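One structure is given below, encoded as structure tokens.
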Amino acid sequence: MSLVLPEHRFIEEWRSMIYKKFRVNATIRLILLTATIFVFFYTWVNFEFFITPVLIAVLALMQVYALYKYVDKTNRDLASFLESIRFSEFTRTFQVEGMGSSFDELSRAFNDVIKDFQTVRSEKEEHFQYLQSIVQNIDVSVIAYQRDGTVEMINKSAKRLFQITGLKNIKQLYTISSELVDRLLTLNPGENILVKVQQEDDILQLAIYGTEIKVQAKHIVLATIKNIQSVLEEQETEAWQKLISVLTHEIMNSITPIASLSSTIDSMIKSINQTREENPNATFDEETVGEIQQGLQTIHKRSTGLMHFVNTYRNLTRIPKPNFRIIKVSELFSSIAPLLDEEFRRANIHFTFDVDPENISFSGDDELLEQVIINLLKNAVHALDGCAQPTITMKGFLNKRGRVTIQVSDNGEGILPEVLDKIFIPFFTTKPKGSGIGLSLSRQIMRLHGGSITAFSLPGQGSTFTLTF
């Protein structure tokens with residue numbers, strides 16, 4: 001029998017079957033009783049017999065008693081049956097002997113319904129135990145609680161995470177973190193939050209997602225909690241390694257020639273000083289002086305480049321706080337397109353932009369976002385260098401999750417997979433004169449807007465950069 005079969009269906013089947021039989025039996029008994037009483041009066045009035053009316057009266061009384069017993073027994077069995085349903089007591093059986101075939105049918109009907117309920121309850125119990133086993137043994141911590149903090153359920157993973165044996169109320173976690181308790185008690189359905197918990201010998205970075213369900217009259221918050229500290233540390237280490245690799249490469253490119261030239265110039269000056277000591281009247285040729293001047297100029301140039309590199313690095317930490325206002329995507333595109341019109345014409349690039357639906361808008365800083373989009377468009381122009389039919393497309397739309405999305409696409413040579421993984425690292429660039437901070441700045445600006453920037457590219461088929469808000 002299916003688990004989804006409603007329990008009241010059994011009651012309806014029982015009621016329609018048993019009630020019909022009860023009505024038929026009661027009607028027959030009443031007809032017989034009425035006929036007996038009629039015969040009693042008929043014989044009493046029309047005949048002078050004494051024994052016959054007495055026997056008929058006794059028969060009538062026996063029928064009244066049988067009818068009473070029948071109705072009373074039915075009511076008591078019905079009450080017992082309904083109590084079994086009310087209190088979910090399906091272990092009892094109904095045995096009626098010596099009361100006639102109608103009570104045998106009633107007994108069988110009761111027992112059949114009880115058996116059906118036992119089957120459904122057993123299946124539901126198995127299903128419940130199956131789900132309970134999954135919830136208790138999954139690696140994600142799960143806590144179900146009411147809005148006042150009363151805990152309905154907590155799984156083993158949550159107990160291990162917080163090092164507790166049980167939890168009756170969310171407020172008991174105040175000893176671990178007051179911020180955690182406050183965020184859990186105010187957690188909205190569908191909300192993702194990140195809470196940092198500092199313990200004596202450990203740090204927990206908890207990613208929490210909440211949903212709300214209604215069970216009878218209670219509103220239950222179901223919170224799933226995952227400690228992502230190790231993941232964050234791994235990603236942070238990887239990011240630092242990539243950044244250090246780029247910084248080391250850039251600094252060594254400047255320091256190596258400076259060190260080499262300074263050593264050469266030092267040797268040349270030592271040689272000049274030695275010659276002067278030996279021959280105070282000696283003169284020096286212009287070639288030697290020119291080499292020294294050239295070396296000093298190179299040192300100055302590389303030093304200036306290194307200072308510019310450091311200043312550029314400092315700029316990564318000086319992004320102004322966004323000034324949020326409602327921005328229409330169509331207006332944003334219309335203000336950006338004329339700025340690059342001349343550059344597109346010089347490069348013979350076919351540029352188009354489209355917004356669908358036309359009225360989509362979002363909250364952001366238009367000046368910062370213009371900087372991001374212009375940077376993407378300029379990158380696309382460089383990527384199209386040497387392309388036969390260069391094309392750049394800019395689109396605004398709602399993605400499948402209903403989020404405002406802006407895409408900048410080109411049909412250039414694309415980006416190699418090993419390069420695509422590094423393009424958002426500060427100072428990484430494939431351009432001879434590039435600074436390598438444009439995409440890194442763009443990513444930081446998007447994070448300040450609560451959004452993201454991603455890149456997709458296939459070598460030989462072009463690239464697409466996506467801004468999602």
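The values are calculated or read from the model by the stated rules, or taken from the named source; none is laboratory data. In this text the structure is predicted, and so the values were computed from the model without any measurement. Cβ coordinates were reconstructed from backbone atoms using ideal geometry, including for glycine residues, and neighbour counts include every protein chain displayed. All accessible areas refer to the heavy atoms of the entire protein, side chains included, with ligands and DNA or RNA removed. Shrake-Rupley method; radii C 1.70, N 1.55, O 1.52, S 1.80 Å.
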| Within the set of pairs 6+ apart or on separate chains, which have a first residue in region 368-390 that is within 16 Å of Pro338 (Cβ to Cβ), a second that is open to solvent by less than 40 Å² (accessible area, probe 1.4 Å) and among the aromatic types (Phe, Trp, Tyr), and C-beta atoms under 8 Å apart? | Val381/Phe344
| task | Return only the number of the condition from (1) more than 30 Å from Asp266 (Cα to Cα); (2) at pLDDT below 90 that Pro390 does not satisfy. | result | (2)
| request: Just need a number here: residues in region 436-451 that are out of contact with any helix residue (DSSP H, G or I) (no Cβ under 6 Å at 6 or more places or on another chain) and within 17 Å of Asp365 (Cα to Cα). | output: 9
| remark: When every residue in region 319-338 that is within 22 Å of Ser440 (Cα to Cα) and out of contact with any Phe, Trp or Tyr (no Cβ under 9 Å at 6 or more places or on another chain) is compared, the one most open to solvent (accessible area, probe 1.4 Å) is Lys321
| task | Identify the residue in region 345-356 that is open to solvent by 50 Å² or more (accessible area, probe 1.4 Å) and under 37 Å from the mean Cα position of the chain (by Cα) and, among all such residues, is farthest from Asn379 (Cα to Cα). | result | Asp356
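Out of everything in region 357-383 that is of a type in the set (Gly, Ala, Ser) and assigned to a helix (DSSP H, G or I), what residue ends up being least open to solvent (accessible area, probe 1.4 Å)?
Going residue by residue through region 357-383, those that are of a type in the set (Gly, Ala, Ser) are 361, 363-364, 380, 383.
Pick out the ones that are also assigned to a helix (DSSP H, G or I) and you get 380, 383.
Numbers: Ala380: 4, Ala383: 44 Å².
Applying the filter and picking the extreme gives Ala380.
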| query | Would you pick out the residues in region 453-469 that are within 26 Å of Asn192 (Cα to Cα) and either open to solvent by less than 50 Å² (accessible area, probe 1.4 Å) or part of a loop (DSSP other than H, G, I, E, B) (or both)? | reply | Ile453, Ala455, Phe465, Thr466, Leu467, Thr468, Phe469
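Here's the yes/no breakdown for (1) among the hydrophobic types (A, V, I, L, M, F, W, C); (2) at pLDDT below 90:
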| site | (1), (2) |
| --- | --- |
| Ile327 | yes, no |
| Asn348 | no, no |
| Asn375 | no, yes |
| Lys400 | no, yes |
| Ile406 | yes, no |
| Ser409 | no, no |
| What is the one condition in (1) under 23 Å from the mean Cα position of the chain (by Cα); (2) at pLDDT below 85 that Phe469 does not satisfy? | (2)
| Where Ser335 falls short, out of the listed (1) closer than 11 Å to Gly396 by Cβ; (2) part of a helix (DSSP H, G or I) | (1)
| task | Answer with yes or no whether Met446 is within 25 Å of Ser335 (Cα to Cα), touching a Leu at 6+ places or on another chain (Cβ under 8 Å) and assigned to a strand (DSSP E or B). | result | no
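Scan region 137-187 for residues that are assigned to a helix (DSSP H, G or I), of a type in the set (S, T, N, Q) and surrounded by 15 or more Cβ atoms within 10 Å (Cβ to Cβ) and jot them down.
Here is the first cut: in region 137-187, the ones assigned to a helix (DSSP H, G or I) are 137, 156-162, 170-175, 178-185.
Imposing the further condition that a residue be of a type in the set (S, T, N, Q) reduces the set to 137, 157, 172, 175, 178.
Result: Ser157, Gln172.
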| query | Met99 versus (1) open to solvent by 50 Å² or more (accessible area, probe 1.4 Å); (2) more than 30 Å from Lys159 (Cα to Cα); (3) modelled with pLDDT of 70 or more: which is the lone unmet condition? | reply | (3)
| query | How many residues does region 188-209 contain that are open to solvent by 80 Å² or more (accessible area, probe 1.4 Å) and either in a loop (DSSP other than H, G, I, E, B) or touching a residue at least 40 places away in the same chain (Cβ under 8 Å) (or both)? | reply | 3
| field | The one condition in (1) farther than 24 Å from Lys422 by Cβ; (2) at pLDDT 75 or above that Ile228 fails to fulfil | value | (1)
